[in-house]
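K.L.:
To start, I am sharing the structure in question, which I have written as structure tokens.
Since every read-out is calculated from the coordinates, none of them should be taken as a lab result. Quantities reported herein were computed from a predicted structural model and do not represent experimental measurements. Quick reminder, even Gly has a Cβ in these numbers, built from the backbone with ideal geometry, and neighbours come from all protein chains shown.
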Amino acid sequence: MTTICTALAETAERHGDLPAYSDRVDGTWRTRTWAQVGTAALEAAAGFAELGLAPGEVVALMMPNRSEHVLADLGAVHAGGVPTTVYATLAAEQIAFIAADCGARYAVLDGREQLERWLPVLDRLPELRRVIVVDAAACPAGDRFLTWDAFVELGRARLAADPAGVEARWRAVLPSDTLTLLYTSGTTGRPKGVLITHAMVEAETAMVDAVSVVPPHNASISYLPFAHIADRVLSYYLPIRRAAHVHFCPDPAQLTAVLREVRPHSFFGVPRVWEKIMAGVQAVLAGERDEGRRRAVEAALEAGRAHVTAQEYGNRPTADTEAAFARADAAVLAPMRAMLGLDRVRQASSAAAPLPAEVARFFAGLGMKIFDAYGMTETTGAITANLDDCFKLGTVGRPFPDVDLRLDGDGEILVRAASVTPGYLGRPDATAEAFTPDGYLRTGDIGVLDGDGFLRIVDRKKEIIITAGGENVAPSLVENHLKEHPLVGQALAFGDGRPYLVALITLDGEVAPVWAAAHGIDATGTAALAEHPLVLEEVAAAVADANARLARVQQVKRWRLLPAEWTAESEELTPTLKLRRRVVHAKYADALASLYAP
């Protein structure tokens, strides 16, 4: 069985001239080949060895998506160490907890912004020996700090002096060794360090690669944090296996521009990313004044939806359906996909949370199938997925062939596979609690399997609302219906132990100003728009539309539109844009209480 070290060595030898990583530098792409990446990984490994990194010791990383992030990670691994990427949105106290929990010996930080989060707690981390800073201008003085360039030079000299010693380091790494340590994003309390081994990643990438429909050496974009298992698999581990070409987008706000430039063959987005792309297109379409053009677009979108629906499992497309799609695609849909930079995408996927059905239907209208998948950090990513020739919209697909999945009595998804973690760092109690006596991982998610073996996620086990009347309600179902309106950015359904459900709603900061301008509203800020009568009227209509499609017990009786967006920085969302319900409940306790006031 291989390790990431042996996999990189093989790729660097067989495909050394192919492009590996590209970074945007001064307006142009700077590209490293796979041969250059192989050499740079060994130089970084030698650098860590020179600094005194011992096998098994942890290197903490806090950088945006860039080549140096992967090279530092690979360097730690090749030296026998264990890298862990820390979310860049974490506060100093959270950083201190993680660094102390894993006993980090070294840290590699990008620059000033990351240093500002680490400096306040460095005195509380005596085991942290050195801090390496990529931006030399931001690197503080003192023996504890080292620039990235100086670190690389240190490694280059060590590698030249002792190449055999460096090679011995990475060849000593075993498949059972920890490849990375990823901390759960902490939606329900203190994060736990999930152990991810080389063998787990080998199993996961083999499963994903076996069902891939993207061309060899495909182009992709990396923009999600490497603290997230999805981008680690899709933009780090899998590209090494496939000798793919990764383009880094360190600022997610620039994603739409990078999409148009790179035109990737595959694209992964958490549901919120797909929602934002959809909302942007809808805002443009809403501003279309030409009635004939609007009708043509709507007809084309309907043809796209019919085309995708006809390919769902159990269906068979008709000649008329495909002919109508071909006409619509040539005239309208293909140009729209090209405008978005999605025209070359062969595999579009989503995970982290169930993709709302309305979002899947919208992109189906563009002629795109978004392959919703399901997995978690503890399973090294996807364990179920919709595939190009086997999918159902509204589900997360079927389990991969090598995954043993079953449902517990209460509907909780239980899984056993080679990609499942052995447990949590230093937490035997949490590890024992996470597994059944016969070795299945308790996912904490409630699911339903249909007659064809497709899985649908109902909700998080611990997030089910039980009303005062004893009715069980999945809040995400209600929230997804509310978020189908492009004006709605986020929503939280609430009502545990209460007689009825209420909701807190925020505006989409990108769509709301466009919508306002199209409706003759001068205000552009979310705070002002949240108080505008026309906006409130539109959100009320969105709530009414959602309620019309929900059972009585699921309907929102009262709601409040908040003046500010929810973000990871303001802590209502995790870094992977999932709702932190406990944070919202505490932060907006007065607002929630007022919705139940007489």
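K.L.:
Quick check: pseudo-label points 7 Å beyond the Cα along Cα→Cβ at ASP545 and ALA299, how many nm apart are they?
P.N.:
Placing both labels 7 Å along Cα→Cβ, they lie 2.3 nm apart.
K.L.:
Which entries in LYS483/LYS578; LYS557/LYS578; LYS192/LYS276 show an alpha-carbon gap greater than 19 Å?
P.N.:
Cα-Cα > 19 Å for LYS557/LYS578; LYS192/LYS276; rest within.
K.L.:
In debye, nearest 20, what is the charge dipole magnitude of the chain about its Cα centre with +1 on Lys and Arg Cβ and -1 on Asp and Glu Cβ, if you could check?
P.N.:
Value, rounded to 20: 320 debye.
K.L.:
Shifting gears a bit: With a point put 7 Å past each Cα toward its Cβ, work out how far ALA141 is from ALA527 in nm, to one decimal.
P.N.:
The two pseudo-label positions are separated by 4.1 nm.
K.L.:
What is the magnitude of the charge dipole of segment 464-594 about its Cα centre, with +1 placed on the Cβ of each Lys and Arg, -1 on the Cβ of each Asp and Glu, and no other charges, expressed in debye to the nearest 20?
P.N.:
Using only the charged Cβ atoms, the result is roughly 620 debye.
K.L.:
Name the shape class, rounded, prolate or oblate, that the alpha-carbon gyration tensor gives for segment 251-405, where a ≥ b ≥ c are the square roots of its eigenvalues, rounded holds for a/c under 1.5, and otherwise prolate holds if a/b is larger than b/c and oblate otherwise.
P.N.:
oblate
K.L.:
Would you work out which of ALA468, PRO216, LEU595 lies farthest towards the positive end of the dipole of the chain, given +1 charges on the beta-carbon of Lys and Arg and -1 on that of Asp and Glu, about the Cα centre?
P.N.:
In the chain, that residue is ALA468.
K.L.:
Please compute the modelled spin-label separation between ALA357 and ALA323, points set 7 Å along Cα→Cβ, answer in nm with one decimal.
P.N.:
Each label point lies 7 Å from its Cα, and together they span 3.1 nm.
K.L.:
What number, in percent, do you get for the relative contact order of segment 54-169 if the mean sequence gap of Cα pairs under 8 Å and at least 6 apart is divided by its residue count?
P.N.:
23 percent
K.L.:
If a paramagnetic tag sat 7 Å from the Cα of ARG582 along the Cα-Cβ line, which residues of segment 482-526 would have the backbone N under 19 Å from that point?
P.N.:
Only 492-497 fall inside the zone, counting backbone N under 19 Å.
K.L.:
Of LEU577, PHE151, LEU259, which is farthest along the charge dipole of the chain in the positive direction, counting Lys and Arg as +1 and Asp and Glu as -1 at C-beta?
P.N.:
LEU577
K.L.:
List the lysines whose Cα lies under 17 Å from the Cα of LYS392, skipping any in the same chain that are fewer than 8 positions away.
P.N.:
Partners found: LYS369.
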